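Novice: My structure is below; once you've seen it, I'll send some questions.
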Amino acid sequence: GSDPELSEVERKTAIMTKSTWKLNDVLVDGVDQTDVYDGLTIKFSGTGFTTTNGGLVWPATGTWNFKDDLGTTITRSDGVEIEVAEISDVKLVLTFTWDKTTIGPGRIGSLSGAHKFTFGL
C-alpha cells in the first residue's frame with residue numbers, strides 16, 4: 001500500500017525539523033541587518049525550538065505550533081506570530097513584526113519593524 005498524502009502541516013513540519021537552519025540574511029523594514037544576527041541558527045523539533053545568536057527576537061529555547069491547517073503561520077510560546085513566507089527542502093523564509101527596539105551595551109539588541117529571516121542549510 002502507498003503512504004497517505006501528508007497534510008500541509010505534516011509536510012512543512014517534516015521540512016522544518018529535518019536539520020539545523022543557518023541564517024542567510026535578515027531584512028528589517030527592507031534594510032539589511034544580517035550582521036546583527038551573525039551566526040544565527042535555529043533547530044526545530046516537533047513542538048520546540050532552540051536557537052543560537054538569536055538576539056532578543058529569537059529566544060534561546062521555546063515551543064511552537066502551527067496556527068492554521070495550511071501551516072502558513074507559526075505561533076511561538078512567547079506569543080509572537082511568524083509567517084512561513086517560503087519553505088522548501090533547502091530554504092526557509094520566516095517573517096514577523098517586532099515591536100520593540102532594545103538598546104544593549106555597545107550594540108543594538110533588537111530593532112523594531114518587519115523582520116524577514118532567510119535561512120538555508
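The values are calculated or read from the model by the stated rules, or taken from the named source; none is laboratory data. From a predicted model like this one, the values you see are computed outputs, not experimental measurements. Ideal geometry is used to build each Cβ from the backbone, glycine not excepted, and the neighbour counts take in all protein chains shown. Only protein heavy atoms, including side chains, enter the accessible area calculation; ligands, DNA and RNA are left aside. Shrake-Rupley method; radii C 1.70, N 1.55, O 1.52, S 1.80 Å.
Novice: Taking K and R as +1 and D and E as -1, what net charge do the other residues with C-beta under 15 Å from the C-beta of residue 99 add up to? Mind showing how you got there, number by number?
Specialist: Values: positive: 76, 100; negative: 29, 78, 81.
Here the charged neighbours net out to -1.
Novice: For the chain, how big is the tail of P(r) above 18 Å, as a whole percent of Cα pairs?
Specialist: That tail contains 50 percent of the Cα-Cα pairs.
Novice: If you don't mind, there's one more thing I want to ask. Distances longer than 16 Å among the Cα atoms of region 8-55: what percent of all pairs is that? Let's see the in-between values first.
Specialist: On the way: 532 of 1128 pairs.
I get 47 percent for the Cα pairs in region 8-55 exceeding 16 Å.
Novice: Using 17 Å as the cut-off for backbone N distance, which residues of region 3-36 belong to the label zone defined by a point 7 Å from the Cα of residue 50 along Cα→Cβ?
Specialist: Answer for this model: 17-23.
Novice: Given a 1.4 Å probe and heavy atoms of the protein chains only, how would you sort 21, 98, largest accessible area at the top? Could you put the intermediate results ahead of the total?
Specialist: On the way: 21 0, 98 25 Å².
Listed by decreasing accessible area, they come as 98, 21.
Novice: In square angstrom, what is the accessible area per residue of region 1-67 with a 1.4 angstrom probe? Display every interim value, and only then the final one.
Specialist: Numbers: 3780 Å² over 67 residues.
Here the residues of region 1-67 average 56 Å² of exposed surface.
Novice: Using 7 Å Cα-to-Cβ label points, what is the residue 63/residue 25 separation (nm, one decimal)?
Specialist: Distance between label points: 3.6 nm.
Novice: So, one more: Could you state the angle between the C-alpha long axis of helix 8-17 and the longest principal axis of the C-alpha atoms of the chain, as a value from 0 to 90 degrees rounded to the nearest 10?
Specialist: 60 degrees
Novice: To the nearest 20 debye, what is the magnitude of the charge dipole of the chain about its Cα centre, counting +1 on the Cβ of each Lys and Arg and -1 on the Cβ of each Asp and Glu? Mind dumping the intermediate values first?
Specialist: On the way: 11 positive and 17 negative charges, 84 e Å.
Its charge dipole is roughly 400 debye.
Novice: If the reach is capped at under 19 angstrom between alpha carbons, list the lysines near residue 18, excluding any in the same chain fewer than eight residues apart.
Specialist: Filter leaves 43, 91.
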